Amino acid sequence: MKASDIMTMGAATTTATSSLAAAIKCMSDHGISALPVLDEDGHLQGIVTEGDFFRQDLGPFRLDALVGIGAEERARSLGSMTVAEIMSTQPITVDGGESLEEAIAIMEGRGVKRLPVTSHGKLVGLLSRADILRALITD
């Protein structure tokens, strides 16, 4: 079985210039915890995950600071910052043709919960732990 056989196709995505507010809303609307970041040609530039919003090295953007302020100011802060400011710019990926075993080894070895699946540098899907578990019970 290949990674592309069980990946989620049509994954929700964002761009580096999107606001953090838009990224949070997209994640919430789709019930997901990560968004691949694409350029205008569909090439993968990075990934932004819920974990990125909780990193301690974000400088002026700290969730604990935002919780203590009013909704209007919080919305203004989230609307003025972009995905580029917090995304991981070197996402760990897997080629769609790789075996599922190799994809799992990459996830375990690198400590990631999901892998963007690419073909020729373009995003074709997203492989998550949930995708793998679903494949185990339907195989």
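The values are calculated or read from the model by the stated rules, or taken from the named source; none is laboratory data. Source: prediction; values computed, not measured. Virtual Cβ from ideal backbone geometry, glycine too; neighbours counted across all protein chains shown.
Take the residues in region 1-51 that are of a type in the set (V, I, T) and within 16 Å of V94 (Cα to Cα), then tell me which one is modelled with the lowest pLDDT.
Looking at the filtered set, the residue picked out is T8.
Results for (1) buried (at least 16 other Cβ atoms within 10 Å of the Cβ); (2) outside any loop (DSSP other than H, G, I, E, B); (3) of a type in the set (D, E); (4) touching a strand residue (DSSP E or B) at 6+ places or on another chain (Cβ under 7 Å), shown as yes or no for each residue.
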| residue | (1), (2), (3), (4) |
| --- | --- |
| S4 | yes, yes, no, yes |
| A11 | yes, no, no, yes |
| A16 | yes, no, no, yes |
| A23 | yes, yes, no, yes |
| C26 | yes, yes, no, yes |
| D29 | no, yes, yes, no |
| V37 | yes, yes, no, yes |
| D41 | no, no, yes, no |
| Q45 | yes, yes, no, yes |
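Only residues that are touching a residue at least 12 places away in the same chain (Cβ under 8 Å) and part of a helix (DSSP H, G or I): list them for region 97-139, please.
L100, E102, A103, I104, I106, M107, R110, R129, D131, I132, R134, A135
Is it true that A3 is hydrophobic (A, V, I, L, M, F, W, C), under 12 Å from M87 (Cβ atoms) and out of contact with any Pro (no Cβ under 6 Å at 6 or more places or on another chain)?
In short, no.
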